[in-house]
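The values are calculated or read from the model by the stated rules, or taken from the named source; none is laboratory data. Because the structure is predicted, anything quoted here is derived from the model rather than measured. Cβ placement follows ideal geometry from the backbone for every residue including glycine, while neighbour counts extend to all protein chains displayed. Only protein heavy atoms, including side chains, enter the accessible area calculation; ligands, DNA and RNA are left aside. Shrake-Rupley method; radii C 1.70, N 1.55, O 1.52, S 1.80 Å.
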Amino acid sequence: SNKPDQVAKTIEITTGWTGSTRVRVRRSSNHDFGFSGNVVDEVKYESLSAVTPITLTDFGNVTTVQVVTKATERALSLKERKFNALVTRKLPTYSGTAWSGVLDSDGSILSGTINATTSFVDILAAITQDPFIGRQTISTIDLAQIYARYSEIGSYFSLGTEPMAFHYTLDSDNISYEETIRMIANAVFCIAYRQNGKIRFTFDKPQTSSTALFTHRNKKPSSDVISRRFTADAEYDGIELTYNDNVTDAQEVIKLPLSGTATNYKKIELTGVREYEIAYIRAAREYNKLKYQRISIETETTTDGRLLLPNQRIDIVDNTRFDSQDGEVIAQSGLTLTLSRNLVWGVGAHSILLMKRDGSLESIGCTAGTNANQVILDYAPSEAINTTHGGSSGVRTIFSFGADSVSSANSYLVQEVNISDKSYVKVSAINYDANYYSDDLETIPNREDVL
(Lines give C-alpha, C1' and ligand atoms only; values in the text may rest on other atoms or scores of the structure.)
Protein backbone atom coordinates (compact mmCIF):
# COMPACT_ATOMS: atom_id res chain seq x y z
CA SER A 1 0.00 0.00 0.00
CA ASN A 2 1.07 3.61 -0.48
CA LYS A 3 2.45 5.31 2.60
CA PRO A 4 3.15 9.05 2.99
CA ASP A 5 6.29 8.43 5.03
CA GLN A 6 9.04 5.89 4.97
CA VAL A 7 8.83 3.13 7.55
CA ALA A 8 11.94 2.43 9.57
CA LYS A 9 12.89 -0.25 12.04
CA THR A 10 15.37 0.17 14.84
CA ILE A 11 17.49 -2.87 15.69
CA GLU A 12 19.48 -2.85 18.90
CA ILE A 13 22.58 -5.05 18.95
CA THR A 14 24.86 -5.46 21.93
CA THR A 15 28.32 -6.64 20.89
CA GLY A 16 30.73 -8.54 23.04
CA TRP A 17 33.46 -6.00 22.50
CA THR A 18 34.10 -2.26 22.25
CA GLY A 19 35.53 -0.29 19.36
CA SER A 20 34.98 -0.35 15.59
CA THR A 21 32.46 -2.78 14.10
CA ARG A 22 31.68 -3.79 10.51
CA VAL A 23 27.96 -4.03 9.74
CA ARG A 24 26.25 -5.67 6.75
CA VAL A 25 22.57 -6.04 5.87
CA ARG A 26 20.64 -8.24 3.41
CA ARG A 27 17.04 -9.13 2.64
CA SER A 28 16.05 -12.48 4.15
CA SER A 29 12.41 -12.73 2.95
CA ASN A 30 11.49 -14.16 -0.46
CA HIS A 31 10.77 -11.95 -3.42
CA ASP A 32 7.06 -11.77 -4.34
CA PHE A 33 7.26 -13.24 -7.86
CA GLY A 34 3.47 -13.57 -8.05
CA PHE A 35 2.86 -9.81 -7.83
CA SER A 36 2.01 -8.38 -11.26
CA GLY A 37 2.96 -4.78 -10.48
CA ASN A 38 6.33 -3.11 -10.14
CA VAL A 39 8.33 -4.10 -7.12
CA VAL A 40 11.10 -1.92 -5.71
CA ASP A 41 13.32 -4.23 -3.72
CA GLU A 42 15.70 -1.98 -1.84
CA VAL A 43 17.32 -2.20 1.55
CA LYS A 44 19.26 0.81 2.78
CA TYR A 45 20.47 2.47 5.94
CA GLU A 46 18.75 5.73 6.73
CA SER A 47 21.05 6.08 9.70
CA LEU A 48 23.48 3.89 11.57
CA SER A 49 24.84 4.86 14.93
CA ALA A 50 26.48 3.49 18.03
CA VAL A 51 25.33 4.33 21.53
CA THR A 52 27.56 4.56 24.57
CA PRO A 53 26.24 4.90 28.12
CA ILE A 54 26.81 8.34 29.66
CA THR A 55 27.91 8.23 33.25
CA LEU A 56 28.21 12.00 33.78
CA THR A 57 25.33 13.71 35.54
CA ASP A 58 26.70 17.26 35.30
CA PHE A 59 28.04 18.82 32.10
CA GLY A 60 29.00 22.14 33.67
CA ASN A 61 27.39 25.51 32.97
CA VAL A 62 25.18 24.28 30.11
CA THR A 63 21.56 23.25 29.72
CA THR A 64 21.09 19.66 28.51
CA VAL A 65 17.82 18.65 26.83
CA GLN A 66 16.97 15.15 25.56
CA VAL A 67 14.65 15.13 22.55
CA VAL A 68 13.04 12.13 20.81
CA THR A 69 11.92 12.74 17.23
CA LYS A 70 9.99 10.33 15.06
CA ALA A 71 12.01 9.47 11.95
CA THR A 72 9.50 10.79 9.44
CA GLU A 73 10.53 11.76 5.94
CA ARG A 74 10.04 15.43 6.78
CA ALA A 75 12.13 15.18 9.94
CA LEU A 76 14.88 13.33 8.15
CA SER A 77 14.98 15.89 5.34
CA LEU A 78 16.20 18.62 7.70
CA LYS A 79 19.91 19.20 7.30
CA GLU A 80 20.19 20.85 10.70
CA ARG A 81 18.09 19.90 13.68
CA LYS A 82 16.66 22.78 15.72
CA PHE A 83 14.96 22.69 19.08
CA ASN A 84 12.75 25.53 20.33
CA ALA A 85 11.38 25.70 23.85
CA LEU A 86 9.63 28.22 26.06
CA VAL A 87 11.84 28.74 29.08
CA THR A 88 12.18 31.32 31.82
CA ARG A 89 15.67 31.93 33.10
CA LYS A 90 16.30 31.87 36.82
CA LEU A 91 17.93 35.04 38.13
CA PRO A 92 18.39 36.85 41.43
CA THR A 93 15.18 38.80 42.04
CA TYR A 94 14.97 42.30 43.48
CA SER A 95 12.45 43.06 46.23
CA GLY A 96 12.87 46.82 46.14
CA THR A 97 15.46 46.79 48.91
CA ALA A 98 17.63 43.69 48.41
CA TRP A 99 18.58 40.88 46.01
CA SER A 100 17.65 37.25 46.62
CA GLY A 101 21.04 36.03 45.43
CA VAL A 102 24.32 36.84 43.71
CA LEU A 103 25.57 35.50 40.37
CA ASP A 104 29.16 34.46 39.74
CA SER A 105 31.19 35.91 36.87
CA ASP A 106 30.31 32.89 34.69
CA GLY A 107 26.57 33.34 35.26
CA SER A 108 26.15 30.61 37.86
CA ILE A 109 24.66 31.21 41.30
CA LEU A 110 27.31 32.26 43.81
CA SER A 111 25.13 32.70 46.89
CA GLY A 112 21.51 33.06 47.92
CA THR A 113 18.67 31.91 45.67
CA ILE A 114 17.59 32.47 42.07
CA ASN A 115 14.05 32.40 40.74
CA ALA A 116 12.29 32.23 37.37
CA THR A 117 11.59 35.88 36.55
CA THR A 118 10.40 38.07 33.68
CA SER A 119 10.73 41.34 35.62
CA PHE A 120 12.57 43.89 33.50
CA VAL A 121 14.42 45.12 36.60
CA ASP A 122 15.91 41.68 37.27
CA ILE A 123 16.75 41.19 33.58
CA LEU A 124 18.32 44.65 33.29
CA ALA A 125 20.57 43.94 36.26
CA ALA A 126 21.54 40.53 34.85
CA ILE A 127 22.50 41.75 31.38
CA THR A 128 24.44 44.66 32.88
CA GLN A 129 26.68 42.23 34.76
CA ASP A 130 26.68 39.55 32.04
CA PRO A 131 30.25 38.94 30.80
CA PHE A 132 29.04 38.78 27.18
CA ILE A 133 26.52 41.67 27.13
CA GLY A 134 27.04 44.52 29.57
CA ARG A 135 30.34 43.58 31.18
CA GLN A 136 29.71 46.26 33.82
CA THR A 137 28.91 46.49 37.51
CA ILE A 138 25.42 46.83 38.98
CA SER A 139 26.26 50.43 39.93
CA THR A 140 25.95 51.32 36.23
CA ILE A 141 22.16 51.41 36.61
CA ASP A 142 20.22 53.58 39.04
CA LEU A 143 18.44 50.65 40.64
CA ALA A 144 16.26 52.65 43.03
CA GLN A 145 15.05 54.98 40.26
CA ILE A 146 14.32 52.13 37.85
CA TYR A 147 12.49 50.08 40.49
CA ALA A 148 10.34 53.13 41.20
CA ARG A 149 9.38 53.12 37.50
CA TYR A 150 8.58 49.39 37.83
CA SER A 151 6.11 50.16 40.61
CA GLU A 152 4.72 53.14 38.70
CA ILE A 153 3.97 51.05 35.61
CA GLY A 154 2.19 48.41 37.70
CA SER A 155 0.03 51.00 39.45
CA TYR A 156 -0.90 52.74 36.20
CA PHE A 157 -2.01 49.74 34.13
CA SER A 158 -3.35 47.36 36.84
CA LEU A 159 -2.83 44.37 34.51
CA GLY A 160 -0.76 42.15 36.78
CA THR A 161 2.96 41.88 36.13
CA GLU A 162 2.83 41.72 32.32
CA PRO A 163 3.31 45.47 31.74
CA MET A 164 6.61 45.15 33.67
CA ALA A 165 7.73 41.94 31.93
CA PHE A 166 10.29 41.39 29.19
CA HIS A 167 10.16 38.19 27.09
CA TYR A 168 13.08 37.74 24.73
CA THR A 169 16.05 35.47 24.13
CA LEU A 170 19.22 37.55 24.25
CA ASP A 171 21.44 35.27 22.17
CA SER A 172 22.86 37.54 19.46
CA ASP A 173 26.34 39.03 19.60
CA ASN A 174 25.33 41.69 17.05
CA ILE A 175 23.25 43.68 19.56
CA SER A 176 25.08 46.17 21.76
CA TYR A 177 24.44 46.67 25.46
CA GLU A 178 22.85 50.05 24.78
CA GLU A 179 20.53 48.59 22.12
CA THR A 180 19.53 45.79 24.50
CA ILE A 181 18.59 48.36 27.14
CA ARG A 182 16.57 50.28 24.57
CA MET A 183 14.68 47.09 23.68
CA ILE A 184 13.87 46.41 27.33
CA ALA A 185 12.71 49.97 27.96
CA ASN A 186 10.60 50.01 24.80
CA ALA A 187 8.80 46.80 25.82
CA VAL A 188 7.67 48.32 29.14
CA PHE A 189 6.53 51.76 27.86
CA CYS A 190 9.73 53.50 28.97
CA ILE A 191 12.60 55.48 27.51
CA ALA A 192 16.13 54.81 28.74
CA TYR A 193 18.65 57.60 29.29
CA ARG A 194 21.97 58.14 31.01
CA GLN A 195 22.36 60.84 33.66
CA ASN A 196 25.33 61.44 35.95
CA GLY A 197 26.93 58.24 34.67
CA LYS A 198 23.93 56.05 35.55
CA ILE A 199 21.23 54.49 33.38
CA ARG A 200 17.69 55.53 34.26
CA PHE A 201 14.20 54.96 32.86
CA THR A 202 11.35 57.41 32.33
CA PHE A 203 7.79 56.04 32.05
CA ASP A 204 5.77 57.33 29.11
CA LYS A 205 2.39 58.26 30.60
CA PRO A 206 0.01 61.26 30.71
CA GLN A 207 1.48 64.36 32.34
CA THR A 208 -0.95 66.89 33.79
CA SER A 209 1.49 69.81 33.84
CA SER A 210 4.78 70.96 32.38
CA THR A 211 7.96 71.03 34.42
CA ALA A 212 9.88 73.73 32.53
CA LEU A 213 9.18 76.87 30.51
CA PHE A 214 11.28 78.23 27.68
CA THR A 215 10.65 81.76 26.41
CA HIS A 216 12.91 84.33 24.81
CA ARG A 217 14.54 84.70 28.23
CA ASN A 218 16.24 81.29 28.11
CA LYS A 219 16.42 80.59 24.38
CA LYS A 220 18.92 81.63 21.78
CA PRO A 221 17.33 84.36 19.63
CA SER A 222 15.97 83.17 16.26
CA SER A 223 16.78 79.53 17.02
CA ASP A 224 13.24 78.10 16.77
CA VAL A 225 12.53 75.75 13.86
CA ILE A 226 8.91 74.54 13.89
CA SER A 227 7.38 71.97 11.54
CA ARG A 228 3.60 71.69 11.31
CA ARG A 229 1.42 69.06 9.66
CA PHE A 230 -2.18 69.72 8.70
CA THR A 231 -3.14 66.04 8.65
CA ALA A 232 -1.78 62.81 10.07
CA ASP A 233 1.58 61.42 9.00
CA ALA A 234 1.52 61.79 5.22
CA GLU A 235 3.25 58.45 4.77
CA TYR A 236 0.95 56.31 6.93
CA ASP A 237 -2.73 56.06 7.83
CA GLY A 238 -2.62 52.92 9.97
CA ILE A 239 -0.52 50.78 12.30
CA GLU A 240 0.55 47.18 11.73
CA LEU A 241 2.14 45.88 14.93
CA THR A 242 3.74 42.42 15.05
CA TYR A 243 4.47 40.56 18.27
CA ASN A 244 5.06 36.97 19.42
CA ASP A 245 1.83 35.86 21.12
CA ASN A 246 1.89 33.68 24.25
CA VAL A 247 -1.31 31.80 23.33
CA THR A 248 -0.53 30.74 19.77
CA ASP A 249 3.25 30.86 20.28
CA ALA A 250 3.47 32.48 16.86
CA GLN A 251 3.80 35.96 15.44
CA GLU A 252 0.47 37.77 15.50
CA VAL A 253 -0.44 41.06 13.82
CA ILE A 254 -2.59 43.87 15.19
CA LYS A 255 -3.86 46.31 12.57
CA LEU A 256 -5.41 49.65 13.44
CA PRO A 257 -7.86 51.12 12.67
CA LEU A 258 -10.04 48.06 13.21
CA SER A 259 -12.26 49.18 10.35
CA GLY A 260 -9.53 48.08 7.94
CA THR A 261 -9.80 51.32 5.96
CA ALA A 262 -6.05 52.09 6.10
CA THR A 263 -4.12 51.81 2.85
CA ASN A 264 -0.56 52.33 4.05
CA TYR A 265 0.41 50.82 7.37
CA LYS A 266 3.32 51.86 9.54
CA LYS A 267 4.97 48.54 10.42
CA ILE A 268 6.23 48.04 13.98
CA GLU A 269 7.90 44.93 15.43
CA LEU A 270 7.39 44.86 19.20
CA THR A 271 10.17 42.89 20.84
CA GLY A 272 9.84 41.44 24.32
CA VAL A 273 6.02 41.51 24.57
CA ARG A 274 3.92 38.30 24.42
CA GLU A 275 0.65 39.38 26.05
CA TYR A 276 -2.13 40.40 23.63
CA GLU A 277 -3.48 43.12 25.96
CA ILE A 278 -0.10 44.82 26.27
CA ALA A 279 0.52 44.63 22.52
CA TYR A 280 -2.89 46.15 21.79
CA ILE A 281 -2.29 49.09 24.15
CA ARG A 282 1.02 49.76 22.44
CA ALA A 283 -0.56 49.58 18.98
CA ALA A 284 -3.29 51.99 20.09
CA ARG A 285 -0.69 54.45 21.35
CA GLU A 286 1.20 54.34 18.07
CA TYR A 287 -2.02 54.88 16.12
CA ASN A 288 -3.00 57.84 18.31
CA LYS A 289 0.38 59.42 17.69
CA LEU A 290 -0.26 59.12 13.96
CA LYS A 291 -3.51 61.03 14.45
CA TYR A 292 -2.51 63.68 16.99
CA GLN A 293 1.19 64.39 16.50
CA ARG A 294 1.12 67.60 14.47
CA ILE A 295 4.02 69.82 15.52
CA SER A 296 7.73 69.27 16.05
CA ILE A 297 10.17 71.89 17.24
CA GLU A 298 13.91 72.32 17.41
CA THR A 299 15.28 75.15 19.50
CA GLU A 300 18.44 76.13 21.34
CA THR A 301 18.12 76.95 25.01
CA THR A 302 20.47 78.30 27.60
CA THR A 303 22.06 75.88 30.06
CA ASP A 304 18.62 75.38 31.64
CA GLY A 305 18.14 72.74 28.94
CA ARG A 306 20.81 70.52 30.52
CA LEU A 307 18.26 69.50 33.15
CA LEU A 308 15.73 68.19 30.63
CA LEU A 309 14.96 64.46 30.42
CA PRO A 310 13.56 62.35 27.55
CA ASN A 311 9.75 62.39 27.34
CA GLN A 312 9.49 65.26 29.83
CA ARG A 313 6.60 67.64 29.26
CA ILE A 314 7.73 71.25 28.84
CA ASP A 315 6.23 74.52 27.62
CA ILE A 316 7.91 76.41 24.78
CA VAL A 317 6.86 79.82 23.54
CA ASP A 318 6.72 80.03 19.75
CA ASN A 319 9.25 82.78 19.05
CA THR A 320 8.87 82.40 15.29
CA ARG A 321 5.77 84.58 15.81
CA PHE A 322 7.49 86.78 18.38
CA ASP A 323 7.96 90.45 17.48
CA SER A 324 11.58 90.59 18.52
CA GLN A 325 12.74 93.87 19.99
CA ASP A 326 16.49 93.81 19.96
CA GLY A 327 19.51 96.01 19.38
CA GLU A 328 22.44 97.39 21.38
CA VAL A 329 22.92 99.00 24.78
CA ILE A 330 24.20 102.52 24.09
CA ALA A 331 24.42 103.87 27.66
CA GLN A 332 24.25 102.77 31.29
CA SER A 333 23.58 104.63 34.52
CA GLY A 334 23.49 102.24 37.46
CA LEU A 335 20.64 99.82 36.76
CA THR A 336 19.17 102.02 34.01
CA LEU A 337 20.05 101.01 30.46
CA THR A 338 19.55 103.20 27.41
CA LEU A 339 18.91 101.12 24.31
CA SER A 340 19.32 101.68 20.58
CA ARG A 341 15.56 101.54 19.96
CA ASN A 342 12.25 102.34 21.61
CA LEU A 343 10.43 99.45 23.27
CA VAL A 344 6.80 98.35 23.16
CA TRP A 345 5.54 97.09 26.50
CA GLY A 346 2.81 94.50 26.81
CA VAL A 347 0.86 93.06 29.73
CA GLY A 348 2.64 91.45 32.68
CA ALA A 349 6.31 91.00 33.51
CA HIS A 350 9.09 91.71 31.00
CA SER A 351 12.76 90.83 30.79
CA ILE A 352 15.82 91.74 28.79
CA LEU A 353 18.30 89.22 27.43
CA LEU A 354 21.92 90.43 27.45
CA MET A 355 24.61 88.67 25.42
CA LYS A 356 27.97 88.16 27.13
CA ARG A 357 31.34 88.26 25.41
CA ASP A 358 31.54 84.46 25.25
CA GLY A 359 28.21 84.33 23.41
CA SER A 360 26.14 83.07 26.35
CA LEU A 361 23.02 84.88 27.53
CA GLU A 362 21.86 86.39 30.81
CA SER A 363 18.19 87.14 31.38
CA ILE A 364 17.21 89.88 33.84
CA GLY A 365 13.75 91.12 34.74
CA CYS A 366 13.15 94.81 34.11
CA THR A 367 10.67 97.68 34.30
CA ALA A 368 10.11 100.72 32.09
CA GLY A 369 12.50 103.65 32.42
CA THR A 370 11.81 107.35 32.01
CA ASN A 371 12.22 107.29 28.23
CA ALA A 372 10.75 104.84 25.70
CA ASN A 373 14.21 103.42 24.99
CA GLN A 374 15.14 102.84 28.64
CA VAL A 375 14.72 99.91 31.07
CA ILE A 376 15.50 99.58 34.78
CA LEU A 377 17.09 96.22 35.66
CA ASP A 378 15.98 94.22 38.69
CA TYR A 379 19.64 93.60 39.54
CA ALA A 380 23.12 94.22 38.10
CA PRO A 381 24.29 91.84 35.34
CA SER A 382 27.10 89.37 36.13
CA GLU A 383 29.30 90.82 33.37
CA ALA A 384 30.03 94.51 32.79
CA ILE A 385 28.00 96.00 29.95
CA ASN A 386 29.93 97.50 27.05
CA THR A 387 28.42 100.70 25.66
CA THR A 388 31.43 101.72 23.52
CA HIS A 389 31.56 100.69 19.88
CA GLY A 390 34.80 99.97 18.04
CA GLY A 391 38.47 99.77 18.92
CA SER A 392 39.62 97.47 21.69
CA SER A 393 36.14 97.47 23.19
CA GLY A 394 34.65 95.56 20.25
CA VAL A 395 30.90 95.78 19.79
CA ARG A 396 28.32 97.08 22.25
CA THR A 397 26.36 94.60 24.40
CA ILE A 398 23.53 93.13 22.36
CA PHE A 399 20.06 92.81 23.89
CA SER A 400 16.71 91.18 23.19
CA PHE A 401 13.56 92.35 24.96
CA GLY A 402 10.09 90.88 25.40
CA ALA A 403 7.22 89.91 27.70
CA ASP A 404 7.43 86.84 29.93
CA SER A 405 3.82 85.86 29.24
CA VAL A 406 3.25 82.14 28.70
CA SER A 407 -0.05 82.66 26.88
CA SER A 408 1.63 81.77 23.61
CA ALA A 409 3.42 78.71 25.01
CA ASN A 410 2.65 75.23 23.70
CA SER A 411 3.25 71.94 25.53
CA TYR A 412 5.82 69.55 24.08
CA LEU A 413 7.38 66.17 24.87
CA VAL A 414 11.18 66.21 24.84
CA GLN A 415 12.60 63.73 22.32
CA GLU A 416 16.28 64.57 22.28
CA VAL A 417 18.70 66.82 24.14
CA ASN A 418 22.05 67.57 22.49
CA ILE A 419 24.60 69.14 24.84
CA SER A 420 27.39 69.69 22.34
CA ASP A 421 27.77 73.43 22.87
CA LYS A 422 29.08 75.00 26.07
CA SER A 423 26.65 77.92 25.81
CA TYR A 424 23.49 76.40 24.33
CA VAL A 425 21.55 73.14 24.45
CA LYS A 426 19.74 71.90 21.35
CA VAL A 427 16.30 70.50 22.22
CA SER A 428 14.05 68.50 19.90
CA ALA A 429 10.41 67.93 20.91
CA ILE A 430 6.97 66.98 19.62
CA ASN A 431 3.63 68.46 20.63
CA TYR A 432 2.13 66.99 23.80
CA ASP A 433 -1.40 65.62 23.46
CA ALA A 434 -3.27 63.65 26.14
CA ASN A 435 -4.98 61.73 23.33
CA TYR A 436 -1.77 59.75 22.85
CA TYR A 437 -2.78 57.79 25.96
CA SER A 438 -6.56 57.84 25.57
CA ASP A 439 -6.82 54.05 25.03
CA ASP A 440 -4.46 52.99 27.82
CA LEU A 441 -7.18 52.27 30.38
CA GLU A 442 -10.10 51.60 28.06
CA THR A 443 -11.70 48.17 27.56
CA ILE A 444 -9.50 46.13 25.22
CA PRO A 445 -11.34 44.38 22.34
CA ASN A 446 -11.50 40.59 22.34
CA ARG A 447 -8.46 39.06 20.67
CA GLU A 448 -10.74 37.11 18.29
CA ASP A 449 -12.01 40.42 16.92
CA VAL A 450 -8.53 41.84 16.36
CA LEU A 451 -6.08 39.07 15.47
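Just to be sure I understand: if I project the alpha-carbon convex hull of the stretch 1-139 onto a plane and average over all orientations, what area do I get in nm²?
On the way: hull surface 60.5 nm².
Projected area, direction-averaged: 15.1 nm².
Of Ser95, Ile146, Gln251, which is farthest on the positive side of the dipole of the chain, counting Cα position, with +1 on Lys and Arg Cβ, -1 on Asp and Glu Cβ, and the Cα centre as origin?
Ranked along the dipole, the leading option is Gln251.
Could you tell me, in Å, what Rg and Dmax come out for the Cα atoms of the stretch 231-325?
Cα-based Rg and Dmax for the stretch 231-325 come out at 18.5, 65 Å.
Got a sec? What order do Asp245, Asp358 fall in by accessible area at 1.4 Å, biggest, i.e. largest, first?
Working: Asp245 0, Asp358 90 Å².
The most accessible residue leads, giving Asp358, Asp245.
For the chain, give me the percentage of DSSP beta bridges that are antiparallel, rounded to the nearest 5 percent.
Working: 66 of 75 bridges.
Here the share of antiparallel DSSP bridges comes out near 90 percent.
Would you work out the charge dipole size for the stretch 298-339 about its Cα centre, treating the Cβ of every Lys and Arg as +1 and the Cβ of every Asp and Glu as -1, and quote it to the nearest 20 debye?
On the way: 3 positive and 8 negative charges, 38 e Å.
That gives a dipole near 180 debye.
Where does each of Leu76, Leu354, Leu110, Leu309 land when they are ordered by accessible area, with a 1.4 Å probe and the largest first?
The ranking, largest first, comes out as Leu110, Leu76, Leu309, Leu354.
Let a ≥ b ≥ c be the square roots of the eigenvalues of the Cα gyration tensor of the stretch 394-451; is it rounded (a/c under 1.5), or, if not, prolate (a/b larger than b/c) or oblate?
Taking the square roots of the gyration eigenvalues as a ≥ b ≥ c, the stretch 394-451 is oblate.
Kindly identify the stretch 173-243 as rounded, prolate or oblate by the Cα gyration tensor criterion: order the square roots of the eigenvalues as a ≥ b ≥ c, call it rounded if a/c is under 1.5, otherwise compare a/b with b/c, prolate if a/b is larger, else oblate.
Working: a/c = 1.98, a/b = 1.23, b/c = 1.62.
Oblate.
Which residue, chosen from Ala50, Phe35, Val67, occupies the Cα position most advanced towards the positive end of the dipole of the stretch 35-144, where the dipole is computed from +1 (Lys, Arg) and -1 (Asp, Glu) charges on Cβ about the Cα centre?
Phe35
If you place +1 on the Cβ of every Lys and Arg, -1 on the Cβ of every Asp and Glu, and leave all else neutral, what size is the dipole of the chain about its Cα centre, to the nearest 20 Debye? Mind dumping the intermediate values first?
Numbers: 45 positive and 54 negative charges, 154 e Å.
Charge dipole of the chain: 740 debye, to the nearest 20.
Can you tell me what percent of all Cα-Cα pairs in the chain are more than 43 Å apart?
On the way: 43934 of 101475 pairs.
Above the 43 Å cut-off, the chain has 43 percent of its Cα pairs.
Rg and Dmax in Å for the stretch 65-150, alpha carbons only: what are they?
18.1, 56
Can you spot the aspartates and glutamates whose alpha carbon is less than 17 Å from Lys70's alpha carbon? Ignore those fewer than 8 places along the same chain.
Asp5, Glu12, Glu46, Glu80
Evaluate the Kirkwood expression for the hydrodynamic radius of the stretch 134-274, namely the inverse of the mean inverse distance over all pairs of different C-alpha atoms, and round to one decimal in Å. Intermediate results must be reported in sequence, preceding the final value.
On the way: mean 1/r = 0.0537 Å⁻¹.
Averaging 1/r across every pair of different Cα atoms and inverting gives 18.6 Å.
Taking a ≥ b ≥ c as the square roots of the Cα gyration tensor eigenvalues, with a/c under 1.5 meaning rounded and otherwise prolate when a/b beats b/c, else oblate, which class fits the stretch 72-211?
prolate
If you count, for each residue, the other Cβ atoms within 10 Å and average over each peptide, how do 95-104, 174-183 line up from highest to lowest?
Numbers: 95-104: 12.7, 174-183: 14.6.
Descending mean neighbour count gives 174-183, 95-104.
Out of Leu308, Thr443, His350, whose Cα points farthest toward the positive end of the dipole of the stretch 304-451 (charges: +1 Lys, Arg; -1 Asp, Glu; placed on Cβ)?
His350
What's the magnitude of the charge dipole for the stretch 177-280 around its Cα centre, counting Lys and Arg as +1 and Asp and Glu as -1 at the beta-carbon? Answer in Debye, nearest 20. Walk me through the numbers before you get to the answer.
Working: 14 positive and 14 negative charges, 188 e Å.
Dipole magnitude for the stretch 177-280 comes out near 900 debye.
Order these peptides, 20-27, 252-259, by their mean beta-carbon neighbour count within 10 angstrom, highest first.
Values: 20-27: 6.9, 252-259: 16.4.
Per-residue mean Cβ counts within 10 Å order the peptides as 252-259, 20-27.
Just tell me which aspartates and glutamates come within less than 18 Å, Cα to Cα, of Lys82; anything on the same chain fewer than 8 places away is out.
Counting by Cα, and skipping residues close in sequence, Lys82 has these aspartates and glutamates nearby: Glu73, Asp171, Asp249.
What are the lysines whose alpha-carbon lies under 26 Å from the alpha-carbon of Lys219, with same-chain residues fewer than 8 places away excluded?
Lys356, Lys422, Lys426
How many angstrom lie between the C-alpha centres of the stretch 228-286 and the stretch 53-132?
If we compute the Cα centre of each part, the gap is 31 Å.
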